[in-house]
Amino acid sequence: MIVGVGIDVVDVARFEQTLERTPALRDRLFTVDEASLPINSLAARFAAKEALAKALGAPAGMHWTDATVARRDGGQPYLVITGTVQSRANDLGIQSFHLSMSHDAGIASAVVVAEG
């Protein structure tokens, strides 16, 4: 059963300007493994985390670093959740997430489907 769906779109150049203007934001949004990735990848991961939050009902109090976008050997992205994000997923009875991300022509996008 589908519990939630989220989608987000990020303008890569605007996102890069935001990170340059507020360097501490990188540490608040991304895990250590994610933080050193190229800007297109960061924008796509930010879109994924926003889409995840929407799929979870966008509750207050979740920490961005409690969700990490990882890749399987074949390149398929997936979410690793802990802490506040895991707690919310448990509350909603979510058993798995499906993630699709893309970045092209200056736009990064992501869709998350939460399944219970």
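If only one of 18, 31 is more than 15 Å from the chain's Cα centre (by Cα) and open to solvent by less than 60 Å² (accessible area, probe 1.4 Å), which one is it?
Values: 31 fails: more than 15 Å from the chain's Cα centre (by Cα).
Exactly one of 18, 31 is more than 15 Å from the chain's Cα centre (by Cα) and open to solvent by less than 60 Å² (accessible area, probe 1.4 Å), namely 18.
The set of residues in segment 36-47 that are open to solvent by 20 Å² or more (accessible area, probe 1.4 Å) and farther than 20 Å from residue 98 by Cβ comprises 36, 37, 38, 39, 40. The residue pairs whose first member lies in segment 102-113 and is part of a loop (DSSP other than H, G, I, E, B), whose second member is among the aliphatic types (A, V, I, L, M), and whose beta carbons are closer than 7 Å, counting only pairs six or more residues apart or on different chains, are 106/12; 106/13.
Could you please find all residues in segment 48-69 being of a type outside the set (A, V, I, L, M, F, W, C) and surrounded by 24 or more Cβ atoms within 10 Å (Cβ to Cβ)?
Quick first cut of segment 48-69, residues of a type outside the set (A, V, I, L, M, F, W, C) only: 49-50, 54, 57, 59, 61, 63, 65-66, 68.
The one that is of a type outside the set (A, V, I, L, M, F, W, C) and surrounded by 24 or more Cβ atoms within 10 Å (Cβ to Cβ): 49.
Say we look at segment 70-101 and pick out the residues that are in a loop (DSSP other than H, G, I, E, B) and open to solvent by less than 60 Å² (accessible area, probe 1.4 Å); which of these is modelled with the lowest pLDDT? Full working, then the answer.
Residues of segment 70-101 that are in a loop (DSSP other than H, G, I, E, B), as a first pass: 72-76, 82, 93-95.
This time we only want the ones that are open to solvent by less than 60 Å² (accessible area, probe 1.4 Å), so: 75, 93-94.
On the way: 75: 90, 93: 97, 94: 97.
Once the filter is applied, the top-ranked residue is 75.
Restricting segment 1-15 to residues that are touching a residue at least 40 places away in the same chain (Cβ under 8 Å) and in a helix (DSSP H, G or I), which is surrounded by the fewest Cβ atoms within 10 Å (Cβ to Cβ)?
Within segment 1-15, the first condition is being touching a residue at least 40 places away in the same chain (Cβ under 8 Å), and the residues that meet it are 1-13, 15.
With the extra rule that they be in a helix (DSSP H, G or I), the set shrinks to 12-13, 15.
Numbers: 12: 22, 13: 12, 15: 20.
Applying the filter and picking the extreme gives 13.
The values are calculated or read from the model by the stated rules, or taken from the named source; none is laboratory data. Keep in mind the model is a prediction, meaning the values are calculated, not measured. All Cβ positions, glycine included, derive from the backbone under ideal geometry; neighbour counts span all protein chains shown. Remember, those area values only see protein heavy atoms, side chains included, never the ligands or the DNA or RNA. Shrake-Rupley method; radii C 1.70, N 1.55, O 1.52, S 1.80 Å.
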